[in-house]
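The values are calculated or read from the model by the stated rules, or taken from the named source; none is laboratory data. Just so you know, these numbers come straight off a predicted model, no measurement behind them. A quick note on method: Cβ atoms are made from the backbone with ideal geometry, for glycine too, and the neighbour counts reach across all protein chains shown. Side chains are part of the model used for accessible areas, which takes the heavy atoms of the whole protein and leaves out ligands, DNA and RNA. Shrake-Rupley method; radii C 1.70, N 1.55, O 1.52, S 1.80 Å.
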Amino acid sequence: QVQVVESGGGLVQPGGSLTLSCTASRSIFSFYIMAWYRQAPGKERELVAQITSIGDTNYADFVKGRFTISKNIAENTVNLQMNSLKPEDTAVYSCRAESWQLGRRLADYWGQGTQVTVSS
């Protein structure tokens, strides 16, 4: 089974920055989509940002201009740079790797999640 592991979470003050990393046990080149999701207490899980195998990116409206998703294929890693953090950004952030072929999703892997807490 493919292993997807997140790291970099922690406690930061409002306005601060934090970088999350997602590392897969096999080349991320084999995944069509790598994405970050988050789930805050009492709320549904939501998409934060995603990046495709060719580098196309997409962001949720609530993080545009503040978060940046990027990848390092050689290190099998996808990063999420988070700036100008707000208390409402507090959530468990999870990494998702999707394998697609011929317009169909063949595999779907999730990491265990990493806690991000924004508080003064």
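Observations on the structure shown:
- For the range 1-56, the set of residues classified as hydroxyl-bearing (S, T, Y) and under 14 Å from the mean Cα position of the chain (by Cα) consists of S7, T19, S21, T23, Y37, T52, listed by residue number.
- Hits in the range 87-115 (condition: assigned to a loop (DSSP other than H, G, I, E, B), modelled with pLDDT of 95 or more and either more than 18 Å from Q1 (Cβ to Cβ) or open to solvent by 60 Å² or more (accessible area, probe 1.4 Å) (or both)): T90, Q112
- Filter pass, V48 being open to solvent by less than 70 Å² (accessible area, probe 1.4 Å) and in contact with a helix residue (DSSP H, G or I) (Cβ under 9 Å, 6 or more places away or on another chain): yes
- Note on the range 62-86: among residues that are part of a strand (DSSP E or B) and touching a residue at least 60 places away in the same chain (Cβ under 8 Å), the one that is nearest to T23 (Cα to Cα) is N79.
- In the range 62-74, the residues that are more than 13 Å from E88 (Cβ to Cβ) and either among the charged types (D, E, K, R) or exposed (fewer than 15 other Cβ atoms within 10 Å of the Cβ) (or both): K64, G65, S70, K71, N72, I73, A74
- Test result for Y109, closer than 10 Å to W36 by Cβ and hydroxyl-bearing (S, T, Y): no
- The set of residues from the range 13-22 being surrounded by fewer than 18 Cβ atoms within 10 Å (Cβ to Cβ) and in contact with a Ser or Thr (Cβ under 9 Å, 6 or more places away or on another chain) comprises Q13, P14, G15, G16, S17, S21.
- Qualifying residue in the range 76-86 (condition: within 16 Å of V4 (Cβ to Cβ) and more than 13 Å from the chain's Cα centre (by Cα)): yes
- Residue list for the range 93-117, filter: within 15 Å of the chain's Cα centre (by Cα) and without any contact (Cβ under 8 Å) to a residue 60 or more places away in the chain: D108
- Check on V78, open to solvent by less than 20 Å² (accessible area, probe 1.4 Å), under 16 Å from T90 (Cα atoms) and either at pLDDT 95 or above or out of contact with any strand residue (DSSP E or B) (no Cβ under 8 Å at 6 or more places or on another chain) (or both): no
- Against the criterion of being open to solvent by 60 Å² or more (accessible area, probe 1.4 Å) and in contact (Cβ under 8 Å) with a residue 60 or more places away in the chain, W36 does not qualify.
- Checking each residue in the range 52-61 for being of a type in the set (V, I, T), touching a strand residue (DSSP E or B) at 6+ places or on another chain (Cβ under 7 Å) and either surrounded by 15 or more Cβ atoms within 10 Å (Cβ to Cβ) or not in a strand (DSSP E or B) (or both) picks out only T52.
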